[in-house]
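So the structure is just underneath, and the comments pick up after that.
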Amino acid sequence: MQQLALDEARFAPASADASFRRYFRVEAGQRSWVVMDAPPEREDCRPFIRVAQLLDEAGLHGPRVLAQDLARGFLLLADLGRQTYLHRIQAGGADAEALMSDAIDALIRWQLASRPGVLPPYDAALLQRELALFPDWYVARHLQTSLSATQAERLAGIERLLVASALAQPRVYVHRDYMPRNLMVSTPNPGIVDFQDAVEGPLAYDVVSLFKDAFLSWPADQVERWRALYVQRARKAGLPLADDGEFARQFDWMGVQRHLKVIGIFARINYRDGKPHYLADVPRFIGYVREVAQRYRELTPLLQLFDQLGMVA
């Protein structure tokens, strides 16, 4: 309140996420701000500040950092609004086509702004650590199952394919959770939040995050239309996409890497952090993996593993 020079204001929870961060909205009359509470022993605010600046430099609509207290883990942020893409779409009556069109344009601007060496690399080690979340947390902890030597070997083979595909792609800025829950309905649209884990990595990553979401499932033909729209606009903007067939494979395989990671993360959030509701969305990701794996001969061992583990959507 001292930073805002306010004598009286309303202070209420704004949102929470899967991490240890919490968000509160401060309102005074017609004005409002958001306070981020990120316990320093659990979260580091500096990446958030750095990426917020990159978004601004790219001409995108992220929350401006108005004040900071890094020692105590507080940031005072501009308020991007109350309604996420997810809320607007789930409430019904939203023009999903228009929202996604804006999101595609913003993503392309973000990727075009990329400069090497600015963000941490999405390298083989990080990709592999993410993939390890699936056997460690979902299979071993949640399913209480140990993979046989043959199963572990086949999963490792799939992981090598996925990592190699990711590393072969052009490298751009990657939000890492570019999805309707983290896009705000705002002017200009969209407002972009939850970007503190951004890295420099595979071009297809944020594209598949947007269309194969953690909390919304779209028909396959709609995903394909949006992917084609992204490709058309990205090529026109000068992004170095592979040819259509190769980019489609990169998109699919990048999605499988992300889906396996998220399945593991949702199990970890349940058992480590005591947030069980994320597990309800695991079947969505099982469905994503199955839909892709059945179309690629190279991924057949993963489909067989899911069958053996009883993982059905």
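The values are calculated or read from the model by the stated rules, or taken from the named source; none is laboratory data. Fair warning: this is a prediction, and the values are worked out from it, not measured in the lab. Cβ coordinates were reconstructed from backbone atoms using ideal geometry, including for glycine residues, and neighbour counts include every protein chain displayed. Only protein heavy atoms, including side chains, enter the accessible area calculation; ligands, DNA and RNA are left aside. Shrake-Rupley method; radii C 1.70, N 1.55, O 1.52, S 1.80 Å.
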- Determine the pairs where a residue that is under 16 Å from Trp226 (Cα atoms), located within region 82-104, has a partner that is of a type in the set (Phe, Trp, Tyr) and not in a helix (DSSP H, G or I) with Cβ atoms under 8 Å apart, the partner being 6 or more residues away or on another chain. Ala103/Tyr178
- Item | Members of region 264-310 that are within 23 Å of the chain's Cα centre (by Cα) and not in a helix (DSSP H, G or I) | Gly274, Lys275
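Of the residues in region 264-310, how many are farther than 30 Å from Arg42 by Cβ and either touching a residue at least 60 places away in the same chain (Cβ under 8 Å) or of a type outside the set (A, V, I, L, M, F, W, C) (or both)?
So the count comes out to 18.
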- Item | Members of region 180-201 that are in a loop (DSSP other than H, G, I, E, B) and open to solvent by less than 10 Å² (accessible area, probe 1.4 Å) | Pro190, Phe195, Ala198
- Identify, from the list Gln257, Gln294, the residue that is among the polar types (S, T, N, Q) and open to solvent by less than 30 Å² (accessible area, probe 1.4 Å). Gln257
- Just checking, how many residues over region 106-146 are buried (at least 18 other Cβ atoms within 10 Å of the Cβ) and part of a loop (DSSP other than H, G, I, E, B)? 3
- Do any strands (runs of 3 or more DSSP E) lying entirely in region 1-103 carry at least 2 residues that are at pLDDT below 90, within 20 Å of the chain's Cα centre (by Cα) and not aromatic (Phe, Trp, Tyr), and which ones are they? 10-16
- So which residues in region 241-255 are in contact with a Phe, Trp or Tyr (Cβ under 8 Å, 6 or more places away or on another chain) and assigned to a helix (DSSP H, G or I)? Arg249, Asp252, Trp253, Met254, Gly255
- Note on the structure: Exception for Asp213 within (1) open to solvent by 10 Å² or more (accessible area, probe 1.4 Å); (2) charged (D, E, K, R); (3) in a loop (DSSP other than H, G, I, E, B) falls at (1)
- Could you please let me know if Arg249 is open to solvent by 10 Å² or more (accessible area, probe 1.4 Å), more than 21 Å from the chain's Cα centre (by Cα) and farther than 30 Å from Gln144 by Cα? no
